Amino acid sequence: MNSVIFDNSKITPSKVVCVGRNYVEHIKELGNEIPENMVLFLKPNSAVSNELRYVSDDNHYEGEISFLVINKKIAGVGFGLDLTKRELQSYLKSKGLPWERAKCFDGAAVFSEFVPFVCEVNELGLELYINADLVQKGSVAHMIYKPKTILKEVESFLSLEDGDIIMSGTPKGVGKYKKGDKFTGRILYKDTVLVEHEWIVS
């Protein structure tokens, strides 16, 4: 089973719960409709990784504020990358088919370390740089569904185990990447950097 680091200890999530279409500008950039209800999907433990790999020509990065759950509460925050085979996803959606092949492959959920978090969750933000260029910037303030609402909705039908992760959606600026690219992901509380992690695409 794959693990993440939380407060300098290894934690093994049973699953990753992902929120789709949670930033209006990202919905617009992909030409999607704003959903009437929260869009949720799962990634298995086998998708969890701390390495960022080049997978295919249609692979997109999606930077996300990610939360680690313990005792059914948000206990930690980290930076996550939801990797997506975009062309495959578009094809599957056009046929009314599930997204698993485009979202749940090995290494499709890449995480920094997680740090304990007890401050006001609505003050969190993220930044993603690729080769020193800022490509994504967003915050909880821009989300359609805030973290506590997400947690409540997930728990209405799905049991969250200690160590499970919630990926809260991505702001605009998603795109392709290539081998050798340098990713720098940051989670901020107001203007303070809580987490910063770098990856070189292998």
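Exactly which GluC sites (Glu not before Pro) in the range 114-167 are in a DSSP loop and have at most 15 other Cβ atoms within 10 Å?
120, 161
With r as the distance between the Cβ atoms of residue 118 and residue 191 and R0 = 22 Å, compute the FRET efficiency 1/(1 + (r/R0)^6) and round to 0.05.
0.75
So what is the relative contact order for the range 4-200, in percent, with contacts set as C-alpha pairs under 8 Å and at least six apart?
Relative contact order for the range 4-200 comes out at 32 percent.
Give me 199, 99 sorted ascending by neighbouring Cβ count inside 10 Å, so fewest comes first.
99, 199
Sorting 167, 1, 143 on the 10 Å Cβ count, fewest up front, what's the list?
Least crowded to most crowded, the residues run 1, 143, 167.
Relative to the present Cα-Cα distance, how much length would full extension add between residue 33 and residue 54 at 0.36 nm per residue of separation?
4.7 nm
I want the antiparallel fraction of DSSP beta bridges within the chain, as a percent rounded to 5.
Once the DSSP bridges in the chain are tallied, antiparallel ones form about 90 percent.
Once amide H atoms are placed 1.01 Å from N in the peptide plane, what residues at a sequence separation of 5 or more from residue 195, or on another chain, have their amide H within under 5 Å of its amide H?
Placed amide hydrogens put 187 under 5 Å from residue 195.
Could you pull out the pairs from 43/73; 43/72; 72/148; 93/182; 15/172; 15/73 whose alpha carbons sit more than 22 Å apart here?
93/182; 15/172, as the Cα separations exceed 22 Å there.
Where does each of 130, 166 land when they are ranked from fewest to most other beta-carbon atoms within 10 angstrom?
130, 166
Just need log10 I(q)/I(0) for the chain at q = 0.16 Å⁻¹, Debye formula, equal scatterers on the alpha-carbon atoms, no solvent, rounded to two decimals.
-1.02
Quick one: length gained pulling residue 106 to residue 142 fully straight, 0.36 nm per residue minus the C-alpha distance?
10.0 nm
Add +1 for every Lys or Arg and -1 for every Asp or Glu among the other residues with Cβ under 15 Å from the Cβ of residue 74, and state the total.
-4
So for the range 152-197, considering every pair of alpha-carbon atoms, how many percent are separated by more than 15 Å?
Beyond 15 Å sits 69 percent of the P(r) for the range 152-197.
Quick one: if the Förster radius is 41 Å, what FRET efficiency do residue 200 and residue 152 give, using the C-beta to C-beta distance and rounding to 0.05?
That gives a FRET efficiency of 0.60.
Near the amide H of residue 170, under 5 Å away, which other amide H atoms are found, from residues 5 or more places off or on another chain, if H is placed in the peptide plane?
21, 22, 23
Coordinate-derived values only; no laboratory data. Just so you know, these numbers come straight off a predicted model, no measurement behind them. Glycine also receives a Cβ, built like all others from the backbone with ideal geometry; neighbour counts cover every protein chain displayed.
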